[in-house]
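Working notes for the structure below.
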Amino acid sequence: MSAILLAADVPSFAQTWEELIASLDLARRPEAILQMLSTVPVIGAAIVTAVGAACVMQGYRWHKAIVVVLSLMLGFGVGRLVSAEVGKSMVVAVALGILLAAIASPLLRYTVALFAGIAGAGIGATLWTFLNPDQASLAWAGGGMGFIALALLSFMFFRVVVIVFTSVGGGAMFIMGSVALLLHVPSVSSVVREQMLIHPGVFPLLVLTAAVVGFVYQQRGGGGSQVAVEHDDE
């Protein structure tokens, strides 16, 4: 009987996928985004901002190192979620972060495909909500299409997709880290909260602006010239 009850508590794949996509949808939940950012410590916000800036401006040139760092951060984040179920042990988060970082470089193209898919899911979910506000609950469909599209394109157009995912992902990290830092400043935190709640489109617009600036800068050679394509499958 207890096994049946435990099985009932385990979320289905559809529920898990919908929750993941909802967390990537920048146009859907400004309150949840603010609540999440308000819990980020100053050091964590500064690290996220710095990594985001590096992704936006030098994403392709430093893509091998950036992929390793992002894998470390992803593993640490997933490890924290997992450790919450096994006693909140920091060892689990650190170990999983190191594990993903260690396999990121040997499996570079597959790791790039994963992060490109995550960026594509965020783009697809946000566009779905923006274009179909009455069907925001179905944003997981747009996120799924974006994930598949960008992940597959990364194997055919490696350089362009790397620039896209570092620009979009880096832009989101830079803006989120900056907002998290501002929330720690008492004199401006209330203004930031008010503006994000009154104008929910401001946050996606800022991310889009940072992403476009990064894409144009990198595509024109600022973040790595075409010669740097050399041997990406090493």
Treating every alpha carbon of the stretch 91-234 as one equal point scatterer without solvent, the Debye formula yields log10 I(q)/I(0) values at q = 0.10, 0.16, 0.17 Å⁻¹ of -0.44, -1.02, -1.10
Normalised per residue, the volume inside the convex hull of the alpha-carbon atoms of the stretch 66-171 in Å³ amounts to 108 Å³
Rg/Rh over Cα atoms for the stretch 134-189, Kirkwood Rh, comes to 1.17
Expected vector for the stretch 158-168, Karplus 3J(HN,Hα) from phi with 6.51, -1.76, 1.60 and θ = phi - 60°, integer Hz, x for Gly and Pro, equals 4, 4, 4, 5, 4, 5, 5, 6, 6, 5, 5
With 0.36 nm assigned to each residue of separation and the Cα-Cα distance removed, Val212 to Val78 gains 45.4 nm
Plugging the Cβ-Cβ distance of Val94 and Ala50 into 1/(1 + (r/R0)^6) at R0 = 25 Å yields, to the nearest 0.05, a FRET efficiency of 0.80
Ranked on Cβ counts within 10 Å of their own Cβ, fewest leading, Met173, Met57 go Met57, Met173
Most exposed to least, judged by fewest other Cβ atoms within 10 Å, Tyr110, Tyr60, Tyr217 sort to Tyr110, Tyr217, Tyr60
One checks the Cα atoms of the stretch 52-124 and finds Rg and Dmax, in Å, of 13.2, 40
Karplus-derived 3J(HN,Hα) from phi for the stretch 120-127 (6.51 cos²θ - 1.76 cosθ + 1.60, θ = phi - 60°), whole Hz, x at Gly and Pro, runs x, 5, x, 5, x, 5, 5, 5
Along the stretch 172-186, Karplus-curve 3J(HN,Hα) (6.51, -1.76, 1.60; θ = phi - 60°) to the nearest Hz, with x for Gly and Pro, reads 5, 5, 5, 5, 5, x, 5, 5, 4, 5, 5, 5, 8, 9, x
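Every number here is computed from the coordinates shown, using simple stated rules; none is lab data. Nothing here was measured: the structure is a model prediction, and the numbers come from that model. All Cβ positions, glycine included, derive from the backbone under ideal geometry; neighbour counts span all protein chains shown.
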